[in-house]
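One structure below.
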Amino acid sequence: AQPQVIFSGIQPTGVPHLGNYLGALRQWVKLQNEAPPNATILYSIVDLHAITIRQDPVQLRQWRREMLASLLSVGLDPKRSIIFYQSDVAAHSELMWILSCYASVGYLSRMTQWKSKLALPENTSPLDPSTKTKLKLGLFSYPVLQAADILVHRATHVPVGADQSQHLEFARECANSFNHNFQHVLVPPETILSPAKRVMSLTRPHLKMSKSHEDPKSRILITDSREEISRKINSALTDSVAGVTYDPLNRPGVSNLIHIMYHLDETIADSCEALAGDCRDLSLRAFKERVIDAVDEQLKSVRIKYEELMQPNNDHLLSDISDEGSRKASANANATMSLVRGALGL
Ligand code: ADP
Ligand code: NA
C-alpha cells in the first residue's frame, strides 16, 4: 500500500482557543504520534489564506510566530512533522493557478464560505451588483488554494472540522478531473473528521467559540494563565437551575463546561453524562472551581512551553524550525509539480 501522507493547515490568527485545540490541534498531535513510521506528516500555517481578508502586516507577522510557537507547545514535534509557513513554499500558489484554469466558477459560486465571511445571504451570486466590488477574487477562489495545499503534497488523509468537508469534496473533484484529463498524478484525499463536538462560546453558548467574537471572555486561549482561566470561567453564562446536569439543548452553558472538562481529559469519566453525574450535587460555584482546576491542569504545560518559545532569545530556534519545515515541504511539493508540469506539457 501507498504510504500515508497526512496534511492539514491552520490560519495564523494568533494563539489558538480551546475550540481550535479540541476540534483540530489535539487531533493533529494524536495523528502525529500514532501514524505509521513511513507516513509523511505536514502541518502548514496557511498565511496566504489569512490575506483573503485585510491584515495589518505587523500583526500578521506576530500572529504567524504565535501560531508556530503554539503548534510546538501543544506537542507537534518538528522531527516527526513537517511544520511550515504556506507562503514559504511557492508550489502551493503555482498549483493553485493551474487548478484554477480547470475549476468551474459555477461550482465555486455554490460554496458558502465567501458568503458567510461577507455576511451575504445564501442565494447571493458573485456577480450581483452589490457584491461584485466587495467580493475579491482571492476570497472567492480560496477553495482552489486549499485544494492546491492538499494536492501539491499528494496528501492521502486530511484531518478537518465538519465545516470544511465541502472544501475537501472540491479538492477531490479537482484531483479527479486533472487525472482524467491528463495523467494520473494527483491523489484524491480522504477526510478525517474531528471526533470532538464543537466547543461553544463561554458568554453566548448557543454560538461556537471563535476568535471572531468580540468579547475576549468568550474564549479561553491555550496559553491563558490560571487567573485568566478563572476569570473567564467564573463569568461564563450558565443558568439558575440547581445542580449539574449534561443537557446541551436546555442547559447549553453548563453542558459546554462539562464538554470542555471531559474532552480535555477523557480519562476522568466515561462520557459527558457520567462526568455531570459525578458533579451532580455541586453548587455551580463549586462546579466552576473544578472546571478551572481541570482546564488549568491540562493547559499548564502548553503555557510553560509557549512562554519559553516566545522569549526573544528563542527567535532563532523558531526560524530554524520553520526554515527546515519549508525545505522539506518544498522538496515534497516540487516532486509533485514536476509530474504536474510534465502531464500538462509545461
Ligand atoms: P475560528 O472559528 O476561531 O475562526 P478557524 O475557523 O480558524 O477558527 O478554525 C481552525 C480549526 O479549529 C478548524 O479545524 C475548526 O474546525 C476548528 N475549530 C474552530 N472553532 C472551533 C470550535 N468552537 N469547536 C471545535 N472546533 C473548532
Ligand atoms: Na472561522
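The values are calculated or read from the model by the stated rules, or taken from the named source; none is laboratory data. Given the structure is predicted, the values throughout are model-derived calculations rather than measurements. Backbone-built Cβ (ideal geometry, glycine too); neighbour counts: all protein chains shown.
Run down E66, E94 and say which single residue is part of a helix (DSSP H, G or I), over 17 Å from the mean Cα position of the chain (by Cα) and of a type outside the set (K, R).
E94
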Look at K211 and say whether it is within 25 Å of A69 (Cβ to Cβ), basic (K, R), within 16 Å of ligand 1 (Cβ to nearest atom) and not in a loop (DSSP other than H, G, I, E, B). no
When you go through (1) among the charged types (D, E, K, R); (2) in a loop (DSSP other than H, G, I, E, B); (3) surrounded by 17 or more Cβ atoms within 10 Å (Cβ to Cβ) one by one for K134, which number turns out not to apply? (3)
Which of the residues belonging to segment 105-150 are of a type in the set (A, V, I, L, M, F, W, C) and touching a Gly at 6+ places or on another chain (Cβ under 9 Å)? L145, I150
Got a number for residues in segment 150-193 being in a loop (DSSP other than H, G, I, E, B), crowded, with 18+ Cβ neighbours inside 10 Å and of a type outside the set (A, V, I, L, M, F, W, C)? 5
Examine segment 239-261 for a residue that is touching a Leu at 6+ places or on another chain (Cβ under 6 Å), over 17 Å from G277 (Cα atoms) and either within 15 Å of ligand 1 (Cβ to nearest atom) or not polar (S, T, N, Q) (or both), and state whether such a residue exists. no
Hey, can you tell me all the residues within segment 194-208 that are part of a loop (DSSP other than H, G, I, E, B) and touching a strand residue (DSSP E or B) at 6+ places or on another chain (Cβ under 9 Å)? S194, R198, V199, S201, H206, L207
From the option list T203, T191, single residue qualifying as of a type in the set (S, T, N, Q), assigned by TED's automatic domain parsing to the domain that holds V74 and within 16 Å of ligand 1 (Cβ to nearest atom) is T191
Considering only segment 322-346, state which residues are of a type in the set (A, V, I, L, M, F, W, C) and part of a helix (DSSP H, G or I). A329, A331, A333, A335, M337, L339, V340, A343, L344
Tell me whether segment 279-286 contains one or more residues that are closer than 24 Å to I222 by Cβ and surrounded by 14 or more Cβ atoms within 10 Å (Cβ to Cβ). yes
Within segment 197-223, tally of residues that are more than 16 Å from ligand 2 (Cβ to nearest atom) and touching a helix residue (DSSP H, G or I) at 6+ places or on another chain (Cβ under 7 Å): 9
